[in-house]
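The values are calculated or read from the model by the stated rules, or taken from the named source; none is laboratory data. Computed from a predicted model, the values in this text were never measured in an experiment. Glycine also receives a Cβ, built like all others from the backbone with ideal geometry; neighbour counts cover every protein chain displayed. Each accessible area value is taken on the protein alone, full model and side chains, heavy atoms only, with ligands, DNA and RNA left out. Shrake-Rupley method; radii C 1.70, N 1.55, O 1.52, S 1.80 Å.
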Amino acid sequence: AHLAALVLARGGSKGIPLKNIKLLAGVPLIGWVLRAASDAGVFHSVWVSTDHDEIEKVAKQFGAQVHRRSPEVSQDSSTSLEAIKEFLNHHREVDIVGNIQATSPCLHPSDLIKVADLIQKEGFDSVFSVVRRHQFRWSEVKKGENKMTEPQNLNPAKRYRRQDWPGELYENGSFYFAKRHLIEKGYLQGGKMAYYEMRAEHSVDIDIDIDWPIAEQRVLSFGYFGKEPLKEVKLLVCSIDGCLTNGRIYVTEDQKEMVSYDYRDIVGIDLLKKRGIQVRFISERDCSKTLSAMQLGCVAKVSATNKLQVLEDWQKDMGLSWKEIAYLGNEESDVECLKKAGMSGVPADACTVAQKAAGYICKSSGGCGAVREFTEHIFLLLEKVNSARKQ
């Protein structure tokens, strides 16, 4: 049976414009679930249903196929079921749909693998995700009604301690798997049904539970970052023009060149060095005088005609794995380096091809705090590495 992952990502949003591709911890929101779906290895195809060109570009960047939905199922009033039905009408090869919510960035491949087994091996017709919550419910009393509220799931005279009460299961909306025959009848849940209980820390729904800064912290702590285990970063290589500086060169009347940089980036470099992380710089032009004036005290390679070759030489000389190297670049000449490095980032104003190759896109532009921001990203991931070791 053909099992397809389907992420619904409409361009319109009543809250955050183009929320589905807004950067969350340096990755487009939809990218987190597409990465998990792809790495699960249980789907015959991974799709994004959208009506927007930019969402289509991001979807393809993460390896998904794109179904361009019609205006009829792209309205504020359109339901998920209507969009899924339309998808099935155009893709007769699909037997089972795993509808994955774009706003659940802490989804892990292990969850999707287990759900696929419930559908394909244990014969369930539909499986949906739930989370366990320990919350006491009370009846609602509408304004103007002369009555008291009543307990719904507790005895106030004998309140449970959390450890003595199993709690209750609530849908968390992370995913709904269903066979074609159910969906065509108008159901996402039906037939032989099962729920799949997700861990509470993985049950993040940006639409309902959480705001963006808190979500970023949750994703950095509990999100899925790829198949290979994370390693501590031991070297940051940073392109000078467009990352450490804003790329502009000022020329005085006596033909002297001047560039500007942000002091916050210098602080970031110092913090990295204090944590034992080496920082090196690279540039295609000869800017040795600029580096000397900055007094950064870092190894640098200028007039580099092949940045990847320089990076490979440093990697071998230092005896590092690629997972231990972070790279911050912004131009086409940085793309191969960005692809090789275990951690990669670009400033907000980097060229398009560099942004597509990077794992993290800074909010700050080059020369305006991007290095400091990428430094913070490295530190947060180091915390994740240390947490994983303790576990």
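List of remarks:
- Check on GLU324, within 20 Å of GLU383 (Cβ to Cβ), touching a residue at least 40 places away in the same chain (Cβ under 8 Å) and either open to solvent by 20 Å² or more (accessible area, probe 1.4 Å) or not assigned by the TED database to the domain that holds CYS243 (or both): yes
- The set of residues from segment 308-321 being buried (at least 18 other Cβ atoms within 10 Å of the Cβ) and either of a type in the set (S, T, N, Q) or closer than 23 Å to GLY369 by Cβ (or both) comprises just one member, GLN315.
- Residues satisfying the stated conditions in segment 218-262, i.e. under 30 Å from ARG199 (Cα atoms), modelled with pLDDT under 80 and of a type in the set (D, E, K, R): LYS227, GLU228, LYS231
- Filtering segment 352-369 to residues that are at negative phi and touching an Asp or Glu at 6+ places or on another chain (Cβ under 7 Å) leaves VAL353, ALA354, CYS362, LYS363, SER364, SER365, GLY366, CYS368.
- Residues (farther than 28 Å from ARG162 by Cα and not in a loop (DSSP other than H, G, I, E, B)) located in segment 118-132: LEU118, ILE119, GLN120, SER126
- Residues being assigned to a loop (DSSP other than H, G, I, E, B) and in contact (Cβ under 8 Å) with a residue 12 or more places away in the chain - total across segment 133-149: 5
- Residue within segment 194-206 that is at positive phi and either at pLDDT 85 or above or in contact with a helix residue (DSSP H, G or I) (Cβ under 9 Å, 6 or more places away or on another chain) (or both) present: no
- Conditions (1) hydrophobic (A, V, I, L, M, F, W, C); (2) at pLDDT 95 or above; (3) touching a Lys or Arg at 6+ places or on another chain (Cβ under 7 Å): number failed by ILE16: (2)
- Residues that are within 21 Å of ARG264 (Cα to Cα) and part of a loop (DSSP other than H, G, I, E, B) within segment 296-307 comprise LEU296, GLY297, CYS298, listed in sequence order.
- Matching option when the condition is open to solvent by less than 100 Å² (accessible area, probe 1.4 Å), modelled with pLDDT of 95 or more, out of contact with any helix residue (DSSP H, G or I) (no Cβ under 7 Å at 6 or more places or on another chain) and of a type in the set (A, V, I, L, M), among VAL115, VAL141: VAL115
- Residues satisfying the stated conditions in segment 95-108, i.e. in a loop (DSSP other than H, G, I, E, B), open to solvent by less than 10 Å² (accessible area, probe 1.4 Å) and touching a Phe, Trp or Tyr at 6+ places or on another chain (Cβ under 9 Å): ALA102, SER104, PRO105, CYS106, LEU107
- Applying a threshold of 8 Å to beta carbon distances and a minimum spacing of six or more residues, or different chains, the list of pairs starting in segment 150-166 at a residue that is surrounded by 10 or more Cβ atoms within 10 Å (Cβ to Cβ) and ending at one that is modelled with pLDDT under 85 and in a loop (DSSP other than H, G, I, E, B) reads LEU154/TYR160.
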